[in-house]
Amino acid sequence: MTDTPSPVLRVEREGAIATLCFNRPAALNAVDVPMAQALLAAVQDIAAHPGVRAVVLRGAGKGFMAGGDLATLAADPVQGAIDLIGPLNEAVALLHSLDAPVIAQVHGVAAGAGLSLMLQADFVLAAEGTRFNLAYINLGTSCDVGASWALPRLVGLRKALEIALLGDTLDAAEAERLGLVNRVLPAAELDAAVAQLTQRLANGPTVALGHMRRLMRSSFDHDIRTQLAAEAAAFDRCARTADVPAGIQAFFDKQPPTFQGR
């Protein structure tokens, strides 16, 4: 894959790290149909390239993403929703299937579909002053893009219902307290913190990271025996990679492991 200058989504590749930058800053990166389609195409490209070992989602300008583009929905709420939700849903499903961890770098605002997308990431680092609002109820709609799947898993059902049904805005400190984000940092430190975390993950045992992220998510849907079997199967697949002997040897040598991600 190569860097692309898409007008609505910038895709940048640096080594094993792919960064997807929402690029409608004048609209606070509200997602329209071209952006939704570009996101799906970018994630499909990443899924086809095992050399990608970490993915960053971020927004250009003053915010991460302000939600769905209301002009698209105002013209035809039914068809507009179909055209937006279809590619966004497929992109989310593909992001979940990757071995590469997903990091959301959030600032300004994450609302509606922007918050839904953020919730799908494995790690979320946010700038101080960021505002979070699920927002859908304020427009008379239910949620989309996986919010109803991710939110109760992160904050519990009771709090998820409060966030979803009241549509109130949360500040960054509250988002961190609830577990919606991993860390809140001064805006000036956000780029460096994301770069450090992303590089650490990109240097990790990518196959094992992929199994781990899927095991954690699937555990809510499995009884203990099913989950034990899934763990055993994942461990078997990891044991067949080159990273396991490398990790074991590094342990005996008392050295940091060097993983190849395969």
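The values are calculated or read from the model by the stated rules, or taken from the named source; none is laboratory data. A quick note: this is a predicted structure, and the numbers were derived from the prediction, not measured. No Cβ is skipped: glycine too gets one built from the backbone with ideal geometry, and neighbour counts run over all protein chains shown.
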Residue match in the range 127-147 (condition: in contact (Cβ under 8 Å) with a residue 60 or more places away in the chain, over 13 Å from the mean Cα position of the chain (by Cα), buried (at least 18 other Cβ atoms within 10 Å of the Cβ) and over 23 Å from ASP83 (Cα atoms)): yes
Any pair with Cβ under 9 angstrom, 6 or more apart, that starts in the range 45-60 at a residue that is within 12 Å of LEU20 (Cβ to Cβ) and ends at one that is acidic (Asp, Glu) and part of a strand (DSSP E or B): VAL56/GLU12
Search result, residues across the range 45-95 that are assigned to a helix (DSSP H, G or I), exposed (fewer than 15 other Cβ atoms within 10 Å of the Cβ) and not hydrophobic (A, V, I, L, M, F, W, C): PRO77, GLN79, GLY86
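So that you can scan it fast, the table gives a plain yes or no per residue for (1) touching a helix residue (DSSP H, G or I) at 6+ places or on another chain (Cβ under 7 Å); (2) modelled with pLDDT of 95 or more; (3) crowded, with 18+ Cβ neighbours inside 10 Å; (4) not assigned by TED's automatic domain parsing to the domain that holds HIS96:
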residue: LEU151; (1), (2), (3), (4): yes, yes, yes, no
residue: VAL155; (1), (2), (3), (4): yes, yes, yes, no
residue: ARG158; (1), (2), (3), (4): no, yes, no, no
residue: ILE163; (1), (2), (3), (4): yes, yes, yes, no
residue: ALA175; (1), (2), (3), (4): no, yes, yes, no
residue: ASN182; (1), (2), (3), (4): no, yes, no, no
residue: GLU189; (1), (2), (3), (4): no, yes, no, no
residue: ALA192; (1), (2), (3), (4): no, yes, no, no
residue: HIS211; (1), (2), (3), (4): yes, yes, yes, yes
Residue check for ALA100: under 27 Å from THR258 (Cα atoms), among the hydrophobic types (A, V, I, L, M, F, W, C), modelled with pLDDT of 95 or more and touching a strand residue (DSSP E or B) at 6+ places or on another chain (Cβ under 7 Å): yes
Total residues in the range 158-172, condition over 20 Å from the mean Cα position of the chain (by Cα) and either assigned to a helix (DSSP H, G or I) or among the acidic types (Asp, Glu) (or both): 7
Candidates THR169, THR198 - the one that is under 16 Å from VAL102 (Cβ atoms) and either among the polar types (S, T, N, Q) or out of contact with any Phe, Trp or Tyr (no Cβ under 7 Å at 6 or more places or on another chain) (or both): THR198
